[in-house]
Amino acid sequence: MTTQNQTTFTIGELAKEFDVTTRSIRFYEDEGLLYPSRKGQSRVYSSKDRTRLKLILRGKRLGFSLGETKTIFELYDNEPTEEKQLNKMLELIAAKKQQLIQQQKDLEDILHDLAALEDSCNESLAKI
């Protein structure tokens, strides 16, 4: 869809491109992450909305909450420089990395405990 030399997108086009449901896109809109314009009853998404949807989905894949993503968007929208946005992003990345390192350690501990339990079960079976 093209209007006045600016590319726009329907909700269906974005849903298909990013392999998400239209319901998900409407949810992101309800959460204040996307701001489509209206043409009658139809939503019309701008290139900025498309970029934001891409960033939302990337953030989600990396484990960032929608609230964290919204904070980054608000900084981007309200700050004349990228300094605060980048510092906040570095803070979120550090926290996410620490969380993942802890989860990795927890998984290693669980795998160790399961291996010990498995050995114990095998030893008991061998005695039967």
Out of (1) out of contact with any helix residue (DSSP H, G or I) (no Cβ under 6 Å at 6 or more places or on another chain); (2) on the phi < 0 side of the Ramachandran plot; (3) not assigned by TED's automatic domain parsing to the domain that holds Q99, the one G40 does not meet is (2)
For K70: the one exception among (1) crowded, with 16+ Cβ neighbours inside 10 Å; (2) over 27 Å from Q98 (Cβ atoms): (2)
Can you work out which of the residues in the stretch 2-43 that are out of contact with any Phe, Trp or Tyr (no Cβ under 7 Å at 6 or more places or on another chain), surrounded by 12 or more Cβ atoms within 10 Å (Cβ to Cβ) and assigned to a strand (DSSP E or B) is modelled with the highest pLDDT? S37
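Hey, could you check the stretch 77-115 for residues that are under 25 Å from T51 (Cα atoms) and small (G, A, S) and say which is surrounded by the fewest Cβ atoms within 10 Å (Cβ to Cβ)?
Here the residue is A94.
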Would you tally the residues in the stretch 44-55 being surrounded by fewer than 17 Cβ atoms within 10 Å (Cβ to Cβ), in contact with a strand residue (DSSP E or B) (Cβ under 7 Å, 6 or more places away or on another chain) and of a type in the set (K, R)? 0
Given the criteria exposed (fewer than 13 other Cβ atoms within 10 Å of the Cβ), closer than 24 Å to V20 by Cα, polar (S, T, N, Q) and in contact with a strand residue (DSSP E or B) (Cβ under 7 Å, 6 or more places away or on another chain), does S65 qualify? no
Here are some conditions: (1) over 23 Å from the mean Cα position of the chain (by Cα); (2) closer than 26 Å to G12 by Cβ. K127 meets all but one. Which one does it not meet? (2)
Name the residue, out of D19, D77, that is out of contact with any His (no Cβ under 8 Å at 6 or more places or on another chain) and either closer than 23 Å to M89 by Cα or in the same structural domain as Q99 (by TED's automatic domain parsing) (or both). D77
I need the full set of residues from the stretch 28-64 which are out of contact with any Ser or Thr (no Cβ under 7 Å at 6 or more places or on another chain) and β-branched (V, I, T), in order please. T51
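The values are calculated or read from the model by the stated rules, or taken from the named source; none is laboratory data. Computed from a predicted model, the values in this text were never measured in an experiment. Cβ: placed from backbone, ideal geometry, glycine included. Neighbour counts: every protein chain shown.
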